1. Could you give me the ³J(HN,Hα) list for segment 171-180, computed from phi with Karplus coefficients 6.51, -1.76, 1.60 and θ = phi - 60°, whole Hz, x at Gly and Pro?
2. Just to verify a number: FRET efficiency for Lys114 and Ala151, C-beta to C-beta distance, R0 = 30 Å, to 0.05?
3. Please give the FRET efficiency for Asp136 paired with Ala174, using the beta carbon to beta carbon distance and R0 = 25 Å, rounded to the nearest 0.05.
4. Between Asp88 and Lys76, 0.36 nm times their residue separation minus their Cα-Cα distance comes to what?
5. Extending each Cα 7 Å along its Cβ direction at Val37 and Ser65, get the distance between those two points in nm, one decimal.
6. Does segment 5-81 come out rounded, prolate or oblate, given a ≥ b ≥ c as the square roots of the eigenvalues of its C-alpha gyration tensor, rounded meaning a/c under 1.5 and, failing that, prolate meaning a/b above b/c?
7. How much length, in nm to one decimal, is gained on full extension between Gln97 and Lys21, taken as 0.36 nm per residue of separation minus their Cα-Cα distance?
8. Under the Karplus relation 6.51 cos²θ - 1.76 cosθ + 1.60, θ = phi - 60°, what is the ordered set of whole-Hz ³J(HN,Hα) values for segment 135-150, x standing for Gly and Pro?
Amino acid sequence: MRTEADAESGPERTCIATGGKAPPNAMLRFALSAEGVVTPDIRRKLPGRGVWTRLSREAVRKAASKGAFSRAFRTKADAPASLPDQVDQLLERDALQSFSMAMKAGLVVTGAFKVDAAIANNDLVALIEASDGAPDGAAKRARAVRMRYGAAADAIARVNLFSSGQLDLALGKANVIHAALKSGAASAAFLSRAERLRRYRASEADGAAVIDGDVPANDAATERHMDRLAERPSD
């Protein structure tokens, strides 16, 4: 007979909203506070028994609206209607904090001219474009990457998840529209967190494009890809 402890062990977790199974990195963990409030645990570190949903806004919304948390915790669990937004904000903050760490590690360059130089020098693993930036600037750099890297251009991730104001705060700079990310462990960590945010926001039918590039859809493959990025030497 499967016990409650089994739900937190083994290679897969079960989504309380859909019944589907996936590895922990493809899921979201939730804990229950002492006050009985459902609490997102995006780093999977909070104590006590946890329950899981798919890494999907719709799965969280469904679990909150259908009473799935109370059934899974086997007690009254307060899951507010704002829970999907709370998860989004936490994943977004986590990614931006990781981007800040990459900046402190010397792996981020900003400004159109410096980004263009990084492309020309074969010195980047990702392009970061502000979501409110001009589309022609992003398109110009995407073309430059394609021309410079050829078939390998698909290995350059393109991130378009954050506004210029958010990038400014994360990097401690002003008017950040274009940035490039060099290879390193902090870069791999940021791209992994940004990919989780992208997947959370993506609709069921849309596997596309706020992060493009050769980043596999399943999390085990994604982690292997990020590990390869971390192993590439930086300047």
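Derivation of every value follows stated rules applied to the coordinates shown; laboratory data play no part. Keep in mind it's a predicted model, so treat the numbers as computed, not measured. Here Cβ is always computed from backbone atoms with ideal geometry, including for glycine, and neighbour counts include all displayed protein chains.
1. Values, residue by residue: 9, x, 10, 10, 6, 7, 10, 10, 8, 10 Hz.
2. On the way: r = 25 Å, r/R0 = 0.84.
E between Lys114 and Ala151, to the nearest 0.05, is 0.75.
3. Working: r = 22 Å, r/R0 = 0.86.
The computed FRET efficiency comes out at 0.70.
4. Numbers: separation 12, 0.36 × 12 = 4.32 nm, distance 2.37 nm.
That works out to 1.9 nm of additional length.
5. Here the answer is 2.3 nm between the modelled labels.
6. Values: a/c = 1.56, a/b = 1.18, b/c = 1.32.
Judged from the Cα gyration tensor, segment 5-81 comes out oblate (a/c at least 1.5, b/c at or above a/b).
7. On the way: separation 76, 0.36 × 76 = 27.36 nm, distance 2.93 nm.
Stretched fully, the Gln97-Lys21 segment lengthens by 24.4 nm.
8. Going residue by residue, I get x, 5, x, 5, 5, 4, 6, 5, 5, 4, 5, 5, 5, 6, 9, x Hz, with x marking Gly and Pro.
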